[in-house]
Amino acid sequence: MKKLLLVRHAKSGWESDIISDFYRKLSKQGNLDADEMANLIKNSITKIDRIVSSPAVRAISTAEYFANAFKVSFSQIETDIGLYEKGIKYFKKLIGEQDNSNECIMFVGHNPLITHLITDLTGAEISSLEACSVACIDFNISDWADIEKNNGKLIFIEEPFKL
């Protein structure tokens, strides 16, 4: 059994001095949501073997909250530019290349890619994930390379609490 956690980065801001989308930081609300969600997911998932994030500032910042909650060193967060620049085909290839000793892997990325990937892997119709939402998908496989369209079971989607 393999478990995949897909996280849409937390809410970010549009500071006037930032030129590139890549360097956008988390907003105050994004920081609060990322902390809340990391602790919420820690109550459901006992261990994450690997965290892979888009290297965009808002994504890696979100990943750091989860690393902290799961006691994973920030230096162990891996980044892959393809999670920022490429599409679903690349993302699925990356998942399939994971080391089979890892039972639970978290990817932190961007919409609409995260939403499309959930739909592709589970068949669940999802319109769009809120910022900092977390989806958990189980696969009845022993080899990450066996992941394919519609062979995952969507266990939950958690979204930040909204007032």
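The values are calculated or read from the model by the stated rules, or taken from the named source; none is laboratory data. Fair warning: this is a prediction, and the values are worked out from it, not measured in the lab. No Cβ is skipped: glycine too gets one built from the backbone with ideal geometry, and neighbour counts run over all protein chains shown. Ligands, DNA and RNA are excluded from the accessible area calculation, which covers all protein heavy atoms including side chains. Shrake-Rupley method; radii C 1.70, N 1.55, O 1.52, S 1.80 Å.
Some observations on this one:
- Residue ID - farthest from Lys47 (Cα to Cα), chosen from residues in the stretch 78-93 that are open to solvent by 20 Å² or more (accessible area, probe 1.4 Å) and touching a residue at least 24 places away in the same chain (Cβ under 8 Å): Gly87
- Selection from the stretch 1-59 of residues that are basic (Lys, Arg), open to solvent by 30 Å² or more (accessible area, probe 1.4 Å) and assigned to a helix (DSSP H, G or I): Lys28, Lys42
- Note on the stretch 10-59: residues that are within 14 Å of Phe70 (Cα to Cα) and in contact (Cβ under 8 Å) with a residue 60 or more places away in the chain amount to 7.
- Residue tally, condition open to solvent by 60 Å² or more (accessible area, probe 1.4 Å) and of a type outside the set (S, T, N, Q), over the stretch 119-156: 8
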